[in-house]
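Every number here is computed from the coordinates shown, using simple stated rules; none is lab data. Note that the structure is predicted; figures quoted are calculated from it, not measured. Note: ideal-geometry Cβ built from the backbone for every residue, glycine included; neighbour counts use all protein chains shown.
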Amino acid sequence: MIDVTAPPGTPPAKARNRVLKQNRRHVPVLATLALLIIMYAVGVANYRGFSDTQVVLNIFVDNAFLLVVAAGMTFVILTGGIDLSVGAVVALTTTVAATLLHAGWPAAVVLPLVLLIGTVLGLGMGAVIHFFQVEPFIATLAGMFLARGIALLINRNSIPITDGFWTAMAEERIRFGPGVFISTSVVIALIVVLIGAYVLAYTRFGRTVYAIGGSADSALLMGLPVGRTRIAVYTLSGFCSALGGVLYSFYMSSGYSLNAQGMELDAIAAVVIGGVLLTGGSGYLFGTVLGVLVLGLIQTIITFQGTLSSWWTRIVVGVLLFAFIVLQRAVTRRTR
Amino acid sequence: GCGGDDGDSGSGGGDGKLVLGFSQVGAESGWRTANTKSIQESAASAGVELKFSDAQGKQENQIKAIRNFITQRVDVIAFSPVVESGWDTVLKEAKDANIPVILTDRAVDSQDTSLYKTFIGSDFVLEGKKAGEWLVKDYTGKTDPVNIVELQGTPGAAPANDRKAGFADVIKADPKFKVVASQTGQFTRTDGKQVMETFLKAQPKIDVLYAHNDDMGLGAIEAIEAAGKKPGTDIKIITVDAVKDGMTALSEGKINYIVECSPLLGPQLMDLAKKVKAGETVPQRVLTEETTFTPEQAKAVLAERKY
Amino acid sequence: MSFVRHRLFWPAAILVALLASNIFFSSGFFSITVHDGHLYGSIIDILRRSAPLILVGIGMTLVIATGGIDLSVGSVMAISGALACLLIGDLDNQNSVTGVLLACAAGIALSLVLGIWNGALVASIGIQPIIATLILMVAGRGIAQLITDGQILNVTSAPYKVIGAGYTIALPVSVLIAAGMVAIAVVLTRRTALGLLIEAVGGSPTASRLAGIQARRLTIMVYVFSAICAGIAGLIYSSNVSSADSNAAGNLIELDAILAVVIGGTRLTGGRFSLAGTVLGAVLIETLNVTTVSIGIPVETTLLFKAIVVIVLCLVQSAAFRAKVLRRPSRVGASA
Amino acid sequence: MGSRPPVLEMTGIRKVFPGVTALDDVDFRLLPGEVHALMGENGAGKSTLIKVLTGVYGTDGGEIRLGGAAVLFGSPLQAQQAGISTVYQEVNLCTNLSVAENIFIGREPRTLGRIRWAEMRRRAVELLARLDLTLDVSAPLSTYSLAIQQMVAIARAIDIDAKVLILDEPTSSLDASEVAQLFAVMRRLKDAGVAILFVSHFLDQVYEVADRMTVLRNGRLIGEYRTADLPQMQLVARMIGKDLEALEELESQPRSSARELERGPLIAKAVGLGRTGGIAPFDMEIHAGEVVGLAGLLGSGRTEMARLFFGADRADTGHLEIDGKPLVLRSPRTAMAHGIGFSSENRRTEGVVAELSVRENIILALQAARGWTRPIARRRQDELVDKYVKALNIRPADPDMPVRNLSGGNQQKVLLARWLITEPRLLIIDEPTRGIDVGAKAEIQRIVAELADGGTAVLFVSAELDEVLRLSHKIEVLRDRRLVEELDNTDDVDADRVMRTIAGGVAQ
Ligand SMILES: Nc1ncnc2c1ncn2[C@@H]1O[C@H](COP(=O)(O)OP(=O)(O)OP(=O)(O)O)[C@@H](O)[C@H]1O
Ligand SMILES: Nc1ncnc2c1ncn2[C@@H]1O[C@H](COP(=O)(O)OP(=O)(O)OP(=O)(O)O)[C@@H](O)[C@H]1O
Ligand SMILES: [Mg+2]
Ligand SMILES: [Mg+2]
């Protein structure tokens, strides 16, 4: 055995770096925010009426449901999974809600019921993924077919919602001044985001989500409840999709089995643009909010442009997305 | 508003030019593109400033676009609804902002008809009925059972639902007509062809094909030819739309009957927009000028079909 | 018993079951006749219909093996078909074989460029694959529509039609093309060291970098290969109906392709891949599509039927499920 | 000995993997307040026994009793709840989380479910201080070296209030001082009545802390002994199943020294090479046929130095000269093109590709160097692989076994074989003997010596100073990520002398 005559190694002066390091972890999110503001400024400079406060608020109003769905998706992606069923669950929720309301069921029954359906679907997918070790992609794809299949079976047509509560929620506006308002859905979405962010940062469940994303094997060996958490995450995503579906049906005042086609991609895109790694374990819910805003802002710019043909619309969306992502990448790489 | 003063986004009629905000469903078919073109061209020739927005097939995009038109204070809003339901809220907002709304191509199922000024477009149920009526007439006097296969549009889309319903409504009167298979061909040629291939193998005898649009019918024709049968003779074909390719096939006798669904709403829409803006009363519902075609009629008009 | 343990046993079993179920609904399902000098029958149809999906699937397999994903395949299909049809439409003599070949070459060349674009975004700029290819997925369809001016471009070229709807030596040309590409892919990956290096990069990017593997070049290569496969699939798709429909071509094919890859036993996290598995997966998916039509599943329930098949498939494929639910003695424990 | 009832008793344990019987009728007992060493060669089944015990794997037979009651854990979580705290062999932590979280996740201090971050960080700092470690506990764990991560894993385990503490090769990359620190903690816990299961291939360490030991060979129980009753040589004989004479030979290792060395031509020369935050600029020469050892404490920058020679990290000052020509190392590939090979200390994340087979892992670097268009013929692969599977005694000797199924030590051998077959001119090996059993370690040392004799330059990094002293011609001593001295390994250089330099006590 070697005789240790040396005094314990002097610790390197690390404290100085601490503040820097903390900030460094937030660079991707801050860069995204900065780019978002720049993009907004470009819009203001180019289009009349873009500087209207309501333009910004409309992005929230128009994307409240996406925000909620993406929040659930963030949890899933943070564990390194994916949930393709969200769009279909939104559609199913709107269809079921509209059908039941149409049949005269009271809102007080319909609302919890549709939320429950989404949650149970999520739970089922989570259970299949955990217990039978099925890849999340294929399990949630089956969930997607199932949810949309059921919705189609219930009704092929779009069904109007005339229920008092629903119309009230749809038309209720929280006004900050003349022509400056948000809808109740925005409030609900923001509450969801705040709760989600709190859960991720301050609860054992939230931290386990990050741990699983970092390394599920390690998390298991560290004695973390990997299975339970994973199921919970898909359940949560199912719930968020259902809630998103409810907000969507507020927004549309209708239910339709073909609603929200491709919303899973929008949600995934929002999450990833917001800086969450698709492999899991890294990113923030606030980033997801920014991701949703980026998508919303691109859409708004397109509408304000107002002269784009259908194909140019698509090309310009792609170009804006490209410019944004590349700049984001350049900024975060520089500071690393 | 404040901000930049680019000339290109001139709003609120200072220069007297009518500003029309139009939200299109998307560019999902040749029919739709022709529809868009018609509107753009007639806007230009009618001196209307057109704000065009493509919803990429999503209702939420369309609602966003309408909201944006309201914020930009256009003079008239027109749109082809992606689906029938769910427009009340945003239409109320338009009403509150005193912007008249015109629906094109597809209707909305709103209870409150004051939310829009008028609807211009086709009646899909009627189209299905016309298709059925031709069939009934064609087979009058015969008693053998008639096996029909149907190529439906995208499940859930209004034209698919209505064309199916209208057709079914007419043929149900006579029990000899039997729809032996009905599947979706997604309104596309490839799917039409592939589904028809399978029908041809799964069904021992097919007398009639009813396709919800020309494209699926054209795809099916290829499948029928590949199976060694003669479209139009061995299997009678009825389609809806009357786009140029369909009319060509009709004139060649490969299709037997086409119910027109015209995309050329542009001129009528501009007229209505001007009237609405001027405060004139307009009818609640304006039907597009449409007809039906037999092969002979098709030959006559084929030369002047542009779309 | 050893074939039961083969990783492709269960998908193959489902495939056989699906095929067999047809016999109850259409008696001639398995009959193959000679018709106009070529084979004719449902089985041939299935193979012919699978050709584009097989092509896109094998490209996707290699991309997924490196740990990536390619969402742009559908758009690349649309672009290549549109360009080829545009060029053929401009020919003085549409039946000129050289003209058609040049047009096809142009379509494939453009796909190659698009592949380089994807690969560069992923490997050189370091954007997450799902977002990098999402850009082309969105913008690409716009580009295709731009090429066709939003119309369906018709061609009346007999040589072109051969690619997607023609026959040589009694077999569909499209199937032969797909088989040829599969053969090329197999030779490229298994007769050279490409397969090993791709699996290493997908299995552990850090370890492969330290082993001296040029991950960047490999990554670009697989995206290029995927795009070329998609380009060829696009030609087959458009040639089949002698027209380019920018909107429908390859719509949502990325989902089917990924599903085929996963059914084939390649994991989405990258690493080990199986081209044979993907081919089986693609044929299985198309068989499912044909079966829904041929056994007369009503439109409203088609999705539900698919959902059930996918659910059964993913459960039966899961060893955990078989061990837990089917109560087969665990092979791990039983041997030796 | 029989007076206290065992806390843990495993009887007739059997565990079968496809093709391998990892454990066959193994009995094992753990008494309260003892340190019990589990001994055996690489692949003997030590880690498997631990994983069966803690519910990572199910058993194929046998019974486990904890405190007298039969138990069967379904997951490590249940084992942990029952009072078994475990450090598994490879560092199994979540490197994306902060140091503090890695220590406390699952047991965070909370009020009403809300994690008290500040308190958690404070307690983490205190706990690490007990192991004599000062870290920025809010930095992600990935910013620290493998050795530090190992310490963090230990910190996590000892803080769990447990009846049984299991440490599977916790010291494999630790330096003497950290080991001493760990042993102090272990003794304290032992005195408090905790039963400790300890696995290590360092016999000295085992004899220092263990009260009793259980020996496994090829998944079978050989016996249970009191440490005092079993001399080292006999232990080794039991482990490898050979007689004593064969062992004597193993032990008589040649000691390289500067005098014997005929220096070959200069191969690599570092000129002011350095990287901010990694290692201060340094100069160094490596000649053909020379073994250069790096010595230093945990985190002193040995790994960082080795990585710069390979281009695994980009240097931001200075440059490297190969054969007298300056070379900018942009990537490991450039280094390989110039005949440099590098086996990383972190075999799990930077070394083997778990999914691939033994064969594929071994030929990987050679194949990468040849490019994808020139595959290595199957016959040649078999030759190469067979040779090293035999030479390094890789077990099971099945080239088509996925590497993930190999025991830790065998994975390390595979990694080493990967670089040996590339026949580099300069071989950089960072902790090549980490987790390797005595027999294989001797073999690896012999191979290194032979390589040097054959004219290969070797840069050798090991936390085991003895090994460095034995093999190197020249020792580079590092302190606080700075090269402080270069010692020719002459007879008057010994561990003491090096330690003093490391500590910075004496100049000459
Ligand atoms: N998941 C697995 N699948 C198949 N075989 C396995 C698996 N895990 C371990 N083995 C085999 O079981 C045997 C025992 O391995 P184990 O990891 O227990 O060895 P060990 O004694 O811990 O060795 P080391 O000292 O190298 O860590 C080895 O032959 C190994 O190849
Ligand atoms: N005591 C410490 N405090 C803070 N950071 C440390 C400490 N020790 C090491 N590090 C970090 O760990 C990294 C790795 O150091 P390196 O791997 O070169 O050390 P080493 O000499 O190889 O020692 P070992 O591998 O035994 O830890 C360095 O980047 C350094 O930032
Ligand atoms: Mg072990
Ligand atoms: Mg080190």
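Some observations on this one:
- Sequence-distant contacts, meaning Cα pairs under 8 Å at least 6 residues apart, place the relative contact order of the stretch D:8-247 at 28 percent.
- Beta bridges by DSSP in the stretch D:8-247, antiparallel share as percent, to the nearest 5: 55 percent
- Considering chain B, its Cα convex hull presents a mean projected area of 17.2 nm².
- Size of electric dipole in the stretch C:178-256: Cβ of Lys, Arg +1 and of Asp, Glu -1, about Cα centre, debye, nearest 20: 480 debye
- Whole-Å semi-axes of the ellipsoid equivalent to the stretch B:36-184 (Cα gyration tensor, √5λ, descending): 39, 16, 14
- Computed log₁₀ I(q)/I(0) - Debye formula, equal Cα scatterers, no solvent, the stretch A:73-123, q 0.14 Å⁻¹: -0.42
- For the stretch B:283-307 versus the stretch C:145-168, the gap between their alpha-carbon centres in whole angstrom: 27 Å
- With K and R counted +1 and D and E -1, the other residues having a Cβ less than 14 Å from that of C:G81 yield a net charge of +2.
- Think of it as helices only: each DSSP H run of n ≥ 4 in chain D is worth -39500 (n - 2.57), and spread over all residues that comes to -10000 deg cm²/dmol at 222 nm.
- For chain A, built as a Gaussian network whose Cα springs stay under 10 Å, the top-fluctuating residue of A:G214, A:G283, A:G318: A:G318
- Rounded Å value of the spacing that divides the Cα centres of the stretch D:194-222 and the stretch A:132-153: 51 Å
- When you restrict to C-alpha pairs under 8 Å that are six or more residues apart and normalise by the size of chain D, the relative contact order lands at 16 percent.
- Judged by the mean number of other Cβ atoms found within 10 Å, the most tightly packed of the peptides D:299-311, D:323-335, A:107-119 leads the ranking D:299-311, A:107-119, D:323-335.
- Of the peptides B:200-213, C:195-208, the order by per-residue mean of other Cβ atoms within 10 Å, starting with the highest, comes out as C:195-208, B:200-213.
- Listed residue pairs exceeding 31 Å between alpha carbons, taken from D:K242/D:K387; D:K51/D:K441; B:K64/B:K244: B:K64/B:K244
- Sorting A:286-297, D:21-32 by average packing, meaning the other beta carbons within 10 Å per residue, from highest down gives A:286-297, D:21-32.
- Residue mean of other protein chain beta carbons inside 10 Å, C:83-95: 0
- Each Cα pair of chain D feeds into the Kirkwood radius, which the Stokes-Einstein equation turns, at 4 °C and 1.567 mPa s, into a diffusion coefficient of 54 µm²/s.
- Shape box of the stretch D:376-421 [Cα atoms, principal axes, largest first, Å]: 28, 19, 15
- Spherically averaged projected area of the convex hull of Cα atoms, the stretch D:364-508: 10.4 nm².
- Semi-axes of the equivalent ellipsoid for the stretch A:106-209, Cα gyration tensor, largest first, Å: 31, 24, 12
- For chain C, built as a Gaussian network whose Cα springs stay under 10 Å, the top-fluctuating residue of C:A211, C:A84, C:A183: C:A211
- Environment charge at B:P81 (Cβ cut-off 13 Å; Lys +1, Arg +1, Asp -1, Glu -1): -3
- The charge dipole of chain B, taken about its Cα centre with unit charges on the Cβ of Lys, Arg, Asp and Glu (plus for the first two, minus for the last two), comes to roughly 520 debye.
- Fluctuation leader among A:T79, A:T162, A:T208 - chain A, Gaussian network, Cα springs under 10 angstrom: A:T162
- The alpha-carbon positions of the stretch D:407-470 define a convex hull whose volume is 76 Å³ per residue.
- The alpha-carbon positions of the stretch C:57-197 define a convex hull whose volume is 119 Å³ per residue.
- This model, with +1 at the C-beta of Lys and Arg and -1 at the C-beta of Asp and Glu, gives the protein assembly as shown a dipole about its Cα centre of some 940 debye.
- For B:129-135, mean number of other protein chain Cβ atoms within 10 Å: 0
- Normalised per residue, the volume of the convex hull around the Cα set of the stretch D:346-423 (Å³): 85 Å³
- For a straight C-alpha distance cut-off of 16 angstrom, the lysines reachable from D:K46 (same-chain residues fewer than eight places away being disregarded) are D:K15.
- Mean projected area of the Cα convex hull of the protein assembly as shown, taken over all directions, amounts to 57.7 nm².
- Dividing the Cα radius of gyration of the stretch B:102-255 by 2.2 N^0.38 Å, with N the residue count, gives 1.08.
- Remark: relative contact order (chain A) = 33 percent; criterion is Cα-Cα distance under 8 angstrom and separation of 6 or more residues.
- A compact globular protein would have a Cα radius of gyration near 2.2 N^0.38 Å; the ratio found for the stretch D:8-247 is 1.03.
- Computed over chain A, Cα set: Rg, Dmax in Å: 22.2, 85
- Mean residue ellipticity (222 nm) of chain C, computed from DSSP H runs ≥ 4 via -39,500 (n - 2.57), nearest 500: -22000 deg cm²/dmol
- Estimated Rh, the stretch A:187-282: Kirkwood, alpha-carbon pairs, angstrom: 15.0 Å
- Over chain B, dividing the summed -39,500 (n - 2.57) contributions of all DSSP H runs of at least 4 residues by the number of residues returns a 222 nm mean residue ellipticity of -12500 deg cm²/dmol.
- Take every DSSP beta bridge whose two residues both sit in the protein assembly as shown; close to 45 percent of them are antiparallel.
- Average 1/r across all pairs of distinct alpha carbons in the stretch C:115-181, invert it, and you get the Kirkwood radius: 15.0 Å.
- Between the alpha-carbon centres of the stretch D:25-59 and the stretch D:106-147 there is a gap of 29 Å.
- Shielding by partners - mean other protein chain Cβ count within 10 Å, residues of D:17-28: 1
- Computed Rg/Rh of the stretch C:2-296, alpha carbon atoms with Kirkwood Rh: 0.99
- Placing unit charges on each Cβ (+1 for Lys and Arg, -1 for Asp and Glu) gives chain B a dipole about its Cα centre, and among B:A168, B:H212, B:Q24 the Cα reaching farthest toward its positive end belongs to B:A168.
- Eligible lysines near B:K142 by straight Cα distance, threshold 25 Å, same-chain separation 8 or greater: B:K129, B:K130, B:K164, B:K172, B:K176, B:K178, B:K205, B:K229, B:K230, B:K236, B:K254
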